[in-house]
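So the structure is just underneath, and the comments pick up after that.
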Amino acid sequence: MGAGGAASQRAQDARRQERLLREQWEAARRQALRWGAVGEGEQRVLAQLLVLTARGWRLLVDRQWSGTRTAAADMLLVGPGGVFVLDVTAGGEPGDEHATGLLAATKAAESAVASLGMSPVAVQPLVVLAGQRVDASRGRIRLLGEHEIGPVLLSERHRLRAESVRAIVDHLERVFPGYAGLAVDQQPPPATERHRPSSPDGLFDLEGLRDAALKGALEGPIEQWMTFLHPDQVALVRRNWAGPARISGPAGTGKTVVALHRAAHLARRTTGRILYVTFANNLPRVQSTFLKAMAPAVADRVDFRSLHSWAQEFLQERGIPVRLHGDKAETAFSLAWKNVGRGSRLAELDPAPAYWREEIDYVIKGRGLTRFEEYVTVPRRRRKARLHRAHRQSMWELYEAYEALRGERGVHDFNDVLSLALAEAVRRRERPPYAAVVVDEVQDLTLVGVRLLHALVGDAPNGLLLVGDGQQTVYPGGFRLSEAGIDIRGDRGQVLRTNYRNSKQILDAALTVVADDAFEDLDGERTPGRRDVDLTYHDGDVVRVTRPTVEAQDRELLDALRSLPAGAPADTALLCPSRRAVAHYQRLLTQAGIAVCLLDHYDGRAVDAVKLGTYRRAKGLEFKNVLLPQYDAVFAHGTPTGTETSETAREREELLRSRLFVAMTRARDLLWLGRVTT
């Protein structure tokens, strides 16, 4: 259809919608006039809501509704956009006491639908001001004028199907027996009442309703997980914790989903801001997009940040100078290794300087150690190379040489940013900048990073939520929460055990990679690599392709991508172990005419392109289809050479397996594994 034909079709659809809305409005007005206990303004609002009942919405009205402010809520409205608890008034904004009653009714509605698996983000309190034009917020409550109520509700992203609307309303009628169902009666009026349809009242936004209805027809529904969770997950979202809490569990068990719903829930119940922080730079963009779709009313009150970017901004606001320069810091370490490390006892254990740079980043500076006496006794969690006192002395000399050279250049490294921020947060304990902090993928942080986030909220009730899984660690080193001064004993440590993402075939393939790698989680408990997980998702496939050359494997890869159904690239990821491999496959796909979206730039919005990035960049994400070309090549690079010891080599390979496990468990329906035999 050409542009002119499309425009003509849109115009016809608009006229059809307008005629239908006019008819529905006339029927709704006649019915609303029968509700004589309320004023004219409330009747007009009721008529607008009755119009919605002709479009898939269900309305429950307080049987005693009289227009006076006696009930906690006048109406309950359920439709494609969710559950709304309404107060209708013609006398201005409600006072504090009445607002408290409306919020209590909202909380009761949340509790009622929680048993059905509905998240509290889908239940919203509204005050409708008859005779006014307004769209504002008063804390958690949204204030809408009579003019705005219809278009706003029709414009809500669709989260409930028709069968869900019916089930929820049936349940609410049982929980709230004082409310009765009301729907528009579109039977023609008696002959004595028939007249030419009148023009809608000025406050009836016919054009706005029409445009909202047309827009809603074009928008697809939001993901089901943005509204419905398992009741156990809903309980964690709504839970009151007496202090810091942690949610853990194997891959695919919905930890990030719970964390997002928790952030939205807290934002609706507090007056302060919520900080949602991760280690990776790309995840905050994606999670922010999800929250805007899931809970738009509170999305602007949640700050999604990577830990280092937040810390730099925090220091800037406090007037603390920071000169972060990764390249110059790396040069300082290279010189320190050349001058001090290469000829030391460290080279006997592992001549590769990268292992010892990690020792500085994740053990010495990552733990905030400043004296050799601290380092000589500290447990080096998840580090397998056994260092005797002489080795640690050599390591400390390397660290001091690096710090001196870095200082001469007047630059900081990433660990310095966190240490400076922690010192400032402890030094000036002002009013907490956040009401709560949610930390996703906490296992990827250093001990200093966790201490910094803990310092922002302390042990306040519901203040700190840590989410993550030690098996999905993609960086060396480790810590225990007790070392950060965080106590989550008792019911403040919750474990999710049901996988909602992966099919059995995909999960079995991934678990085979890490089956022999027992790991120590943040609570210090030793956990086997193959964990028992309950599965809910059973459709999936693992495709293994083995070819003698990279070129032959890549041809199979392109064939696999081209054979995907239309629209599938939007939910497909090609993941690589290194940035060099990412560059190779970006060229390959581009030359083949396949659209590519780098994970470094991906923000969670649907885009018809294959997502391309490293295993580490895929943390916290999921896709229907995941392709891993040359997936076993990482082990060839990590195999011990004649000069490496088995301890450092084993540690390196275990970390590579953990990264591969993370990449494999991103897949929901298809996991494609490419292998080159030469």
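Loop-resident GluC sites (Glu not before Pro) (DSSP state other than H, G, I, E or B) in the range 404-501 with no more than 10 further Cβ atoms inside 10 Å of their Cβ: Glu430. The HN-Hα couplings worked out from phi for the range 73-85 by the Karplus form 6.51 cos²θ - 1.76 cosθ + 1.60 (θ = phi - 60°) are 8, 7, 8, 10, 10, 10, x, x, x, x, 10, 10, 9 Hz, whole numbers, x standing for Gly and Pro. Size of the range 242-309 from its Cα atoms: along the principal axes, largest to smallest, the extents are 32, 30, 24 Å. Each of Glu146, Glu520 was scored by other Cβ atoms within 10 Å of its Cβ. Listed from fewest to most, they are Glu520, Glu146. Here are labelled values, (1) 29.3, 105; (2) 24.7, 80; (3) 32.8, 116, and one is the computed Rg and Dmax of the Cα atoms in Å for what I pasted. Which one? Checking each listed value against the structure points to (1).
Reported value for the range 523-678: 149 Å³ per residue, from the convex hull of its C-alpha atoms.
If the cut-off is a Cα-Cα distance under 21 Å, which lysines reach Lys619, setting aside same-chain residues fewer than 8 apart in sequence? Partners within reach: Lys255, Lys292, Lys504, Lys611.
A full extension of the chain between Asp559 and Asp300 corresponds to an added length of 89.0 nm, given 0.36 nm per residue minus the alpha carbon distance.
Could you work out how much longer the chain between Ala552 and Lys338 gets when fully extended? Use 0.36 nm per residue separation minus the Cα distance between them, nm to one decimal. Extending this stretch completely gives an extra 72.9 nm. When the helices of the chain are scored as -39500 (n - 2.57) per DSSP H run of n ≥ 4 and the total is divided over every residue, the value at 222 nm lands at -12500 deg cm²/dmol.
When you count the other C-beta atoms within 10 angstrom of each residue and take the mean per peptide, 89-96, 607-614 line up highest first as 607-614, 89-96.
The three principal axes of the Cα atoms in the range 501-567 give end-to-end lengths of 45, 30, 17 Å, sorted in falling order. Percent of alpha carbon pairs in the range 315-391 separated by more than 21 Å? Taking all Cα-Cα pairs of the range 315-391, the fraction more than 21 Å apart is 37 percent.
Just so you know, all these numbers are worked out from the coordinates, no wet-lab data involved. Worth saying up front: this structure is predicted, and the values here are computed from it rather than measured. Cβ coordinates were reconstructed from backbone atoms using ideal geometry, including for glycine residues, and neighbour counts include every protein chain displayed.
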